[in-house]
Amino acid sequence: MLFELGAANLLHDPMTTINQLRTALEEPKTEPALREAITYRLAQALAHTGRLAEAVGLLDDEARRSTSARTRLRMQAEQFKWNSVRGDEENSPARSRLLAQFAKRLVGRGLAERHILGLRAWDAAMRGEPVGTAVDFAEQALDGGMSWTDQDFGFEVPVVVAITLMYCDQPGRAEELFNTGILEFEAKGWRGTHLSFVYTLLGYVRYRRGRLAEAEDFVRNGLEIANRIGQDNPAQWYAVGTLVETLLARGNLAEAQKVARDYRLGEGFPQAIVYPDPQTVFGRLLLAQGRVDEAERQLTEAGRRLDLRGTRNPSWSSWQLDLALAQATHDTGLARATAEEAVARARAFGAASIIGQALRVQAATVEPAQAAVLLEEAVAHLEQSPAACEFAHALVDHGTVLQTMGDPHRAAQQLYRGMEVATACGADTLTDRARGLLAAAGLRPRRLHTSEQDTLTVAEAEAARHAALGLDNAAIGKEMRMDPAVVGELLSAVFTKLGTNRTGLGRALGM
């Protein structure tokens with residue numbers, strides 16, 4: 001009775017759940033299967049209220065009590081899960097090594113094994129291992145199915161698998177998984193913490209794709225649900241950080257400041273690992289406000305904390321990129337070194353979106369001639385990714401530098417294109433910047449092209465099919481009798497609309 005009552009309260013009142021399940025666990029002569037189920041649910045309730053160390057300790061104690069190899073494996077999977085988001089974990093690299101050893105021996109037989117494989121995918125992405133490694137483990141985890149509403153296994157591992165795919169430049173696939181989760185939650189009437197997380201993270205995926213208005217709507221829905229659960233809960237941390245980032249990307253600094261003030265962002269950061277990282281978000285907000293010294297301090301502290309954990313992927317936390325921009329205001333040498341390290345980490349991971357973003361930031365730390373070269377490469381990478389807002393930034397930055405160097409024709413091309421992409425994203429400040437640069441050059445901004453956001457044109461669909469078959473842009477140009485540069489523009493629109501890179505193009509097209 002206590003177990004059923006606690007399980008029913010978990011979605012809406014996790015604190016009550018903790019008390020009821022602790023009492024249930026203290027009952028003598030409980031059958032092993034029931035005791036195991038109580039333990040999993042109690043660990044989940046503890047984690048959802050920010051008490052991650054207690055959750056891990058509980059699982060460790062119960063694993064030691066068990067004589068079942070199956071139960072010990074399952075308890076180990078749960079420990080891996082909650083340790084992966086513990087900010088106070090004592091030896092995160094050691095846990096990663098142990099997780100990697102476990103994953104090598106597993107083939108995905110049963111949910112416990114698939115959850116460990118999913119956690120391995122997430123850990124690989126967090127640490128900046130090659131993108132192919134992360135995707136391979138994510139696909140192994142998904143092979144055979146992964147329920148979002150299994151009350152024993154929870155929804156956290158399906159979440160991190162979806163987020164892993166997003167960081168690997170397959171946000172469309174991530175959205176498919178989140179939509180599956182929402183349908184499962186709605187079917188069971190789950191409208192508490194679980195739904196808040198998924199709405200927020202779906203908004204985060206839209207933010208990463210550059211669909212900023214949609215991102216804001218989803219995140220505000222997630223925050224509204226989190227607020228009903230209570231203050232300072234993990235669901236609220238995720239929503240607040242994502243909302244501030246989205247508002248900054250839209251150029252709405254005043255609203256971002258208001259959200260940060262209302263939820264006391266910066267007055268203390270959660271011990272849990274939250275994406276986006278709240279301290280990094282706060283540093284970016286300070287930088288947008290012009291409070292450079294404070295921004296540098298926050299971003300340096302965030303970087304030190306994350307590096308100690310071995311979390312080195314700038315796609316997960318952009319603290320190095322934001323820090324380089326802050327340093328560039330007063331020490332270009334230091335900023336250049338910080339940006340170069342971020343580029344090296346981005347290249348080691350290998351996702352086109354983060355390589356392009358890192359190159360764009362590096363360009364802000366060097367002279368115009370070198371910046372033009374870096375930005376041309378950044379545009380080339382981002383054109384191969386679904387990160388539309390970052391692509392718009394790189395185009396506008398490239399056009400700005402070309403204008404400075406006295407190349408008005410190429411500058412106008414990049415600025416026009418950057419303005420169109422920025423407008424489609426809802427990045428109003430970036431749109432205004434591009435329009436202002438064009439007007440200053442005596443050019444009238446042309447009428448913006450609009451199209452269905454997810455519908456491929458005939459030319460885009462043809463280029464996409466060729467690309468999915470492995471043809472490069474030059475070969476596609478020959479097939480379609482057009483310049484390879486035009487093919488690049490067509491495929492850039494395809495990647496943005498379908499939310500994938502070349503790797504996931506065949507699956508997105510159903511080929």
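Search segment 300-331 for residues being open to solvent by 30 Å² or more (accessible area, probe 1.4 Å) and among the hydroxyl-bearing types (Ser, Thr, Tyr), and hand back the single one that is farthest from residue 354 (Cα to Cα).
Once the filter is applied, the top-ranked residue is 329.
For segment 1-58, please list each of the helices (runs of 4 or more DSSP H) lying entirely inside it that holds at least 2 residues being free of Cβ contacts under 8 Å to residues at least 12 places away in the same chain and open to solvent by 30 Å² or more (accessible area, probe 1.4 Å).
2-9, 14-26
Just the residues that are polar (S, T, N, Q) and over 23 Å from residue 114 (Cα atoms), please, taken from segment 25-80. Show your work before the answer.
Residues of segment 25-80 polar (S, T, N, Q): 30, 39, 44, 49, 66-68, 71, 76, 79.
Once the filter is applied, which keeps residues that are polar (S, T, N, Q) and over 23 Å from residue 114 (Cα atoms), segment 25-80 yields 30, 49.
I'd like the full set of residues that are open to solvent by 60 Å² or more (accessible area, probe 1.4 Å), at pLDDT 90 or above and among the small types (Gly, Ala, Ser), limited to segment 443-483.
470
Residue check: is residue 163 within 20 Å of the chain's Cα centre (by Cα) and surrounded by fewer than 18 Cβ atoms within 10 Å (Cβ to Cβ)?
No, not satisfied.
What number of residues in segment 217-232 are more than 14 Å from residue 206 (Cα to Cα), of a type in the set (A, V, I, L, M, F, W, C) and either open to solvent by less than 10 Å² (accessible area, probe 1.4 Å) or free of Cβ contacts under 8 Å to residues at least 60 places away in the same chain (or both)?
So the count comes out to 3.
On the basis of being part of a helix (DSSP H, G or I) and either aromatic (Phe, Trp, Tyr) or in contact with a Gly (Cβ under 9 Å, 6 or more places away or on another chain) (or both), does residue 396 make the cut?
The answer is yes for residue 396.
Conditions tested, residue by residue: (1) modelled with pLDDT under 85; (2) of a type outside the set (A, V, I, L, M, F, W, C); (3) within 21 Å of residue 3 (Cα to Cα).
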residue	(1), (2), (3)
35	no, yes, yes
60	no, yes, yes
68	yes, yes, no
77	yes, no, no
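Just give me the residues in segment 191-236 being hydrophobic (A, V, I, L, M, F, W, C) and under 16 Å from the mean Cα position of the chain (by Cα), in sequence order.
Residues of segment 191-236 that are hydrophobic (A, V, I, L, M, F, W, C), as a first pass: 195, 197-198, 201-202, 205, 212-213, 215, 218-219, 223, 225-226, 229, 235.
Within segment 191-236, 197, 198, 201, 202, 205, 212, 215, 218, 219, 235 qualify.
Could you tell me whether residue 89 is surrounded by 16 or more Cβ atoms within 10 Å (Cβ to Cβ), in contact with a Lys or Arg (Cβ under 9 Å, 6 or more places away or on another chain) and in a loop (DSSP other than H, G, I, E, B)?
yes
Among the residues of segment 202-214, what is the count of those that are crowded, with 24+ Cβ neighbours inside 10 Å and more than 18 Å from residue 500 (Cβ to Cβ)?
Residues flagged as crowded, with 24+ Cβ neighbours inside 10 Å and more than 18 Å from residue 500 (Cβ to Cβ) within segment 202-214 amount to 2.
Is it true that residue 195 is at pLDDT below 95, open to solvent by 40 Å² or more (accessible area, probe 1.4 Å), under 25 Å from residue 215 (Cα atoms) and of a type outside the set (Phe, Trp, Tyr)? Explain how you work it out, then say what you get.
Numbers: at pLDDT below 95: yes; open to solvent by 40 Å² or more (accessible area, probe 1.4 Å): no; under 25 Å from residue 215 (Cα atoms): yes; of a type outside the set (Phe, Trp, Tyr): yes.
Criteria not met by residue 195.
Could you list, in sequence order, all residues of segment 173-192 that are open to solvent by 10 Å² or more (accessible area, probe 1.4 Å) and in a helix (DSSP H, G or I)?
173, 175, 176, 177, 179, 180, 182, 183, 184, 186, 187, 188 - these are the residues of segment 173-192 that are open to solvent by 10 Å² or more (accessible area, probe 1.4 Å) and in a helix (DSSP H, G or I).
Run residue 400 past the list (1) over 29 Å from the mean Cα position of the chain (by Cα); (2) more than 30 Å from residue 165 (Cα to Cα) and report the number of the one that doesn't hold.
(1)
For segment 92-108, give me each residue that is free of Cβ contacts under 8 Å to residues at least 40 places away in the same chain, open to solvent by 30 Å² or more (accessible area, probe 1.4 Å), assigned to a helix (DSSP H, G or I) and not aliphatic (A, V, I, L, M). Outline the logic, then answer.
Kept after step one, since they are free of Cβ contacts under 8 Å to residues at least 40 places away in the same chain, are these residues of segment 92-108: 94-95, 97-108.
Now narrow it down to the ones that are open to solvent by 30 Å² or more (accessible area, probe 1.4 Å): 94, 97-98, 101-102, 104-105, 107.
Next cut, assigned to a helix (DSSP H, G or I) only: 94, 97-98, 101-102, 104.
Matches in segment 92-108: 97, 101, 102, 104.
Which pairs do you get when a residue that is in a helix (DSSP H, G or I), found in segment 460-471, comes within reach of a residue that is of a type in the set (S, T, N, Q), reach meaning Cβ atoms under 9 angstrom, with the pair 6+ apart or on two chains?
Close Cβ pairs satisfying both conditions: 463/473; 467/473.
Would you please name the residue that is most open to solvent (accessible area, probe 1.4 Å), looking only at residues in segment 233-269 that are out of contact with any Lys or Arg (no Cβ under 9 Å at 6 or more places or on another chain) and closer than 24 Å to residue 9 by Cα?
Of everything passing the filter in segment 233-269, 237 is most open to solvent (accessible area, probe 1.4 Å).
The values are calculated or read from the model by the stated rules, or taken from the named source; none is laboratory data. Just so you know, these numbers come straight off a predicted model, no measurement behind them. Positions of Cβ are backbone-derived with ideal geometry, glycine not excepted, and every protein chain shown enters the neighbour counts. Calculation scope for accessible area: heavy atoms of the full protein, side chains included, ligands and nucleic acids excluded. Shrake-Rupley method; radii C 1.70, N 1.55, O 1.52, S 1.80 Å.
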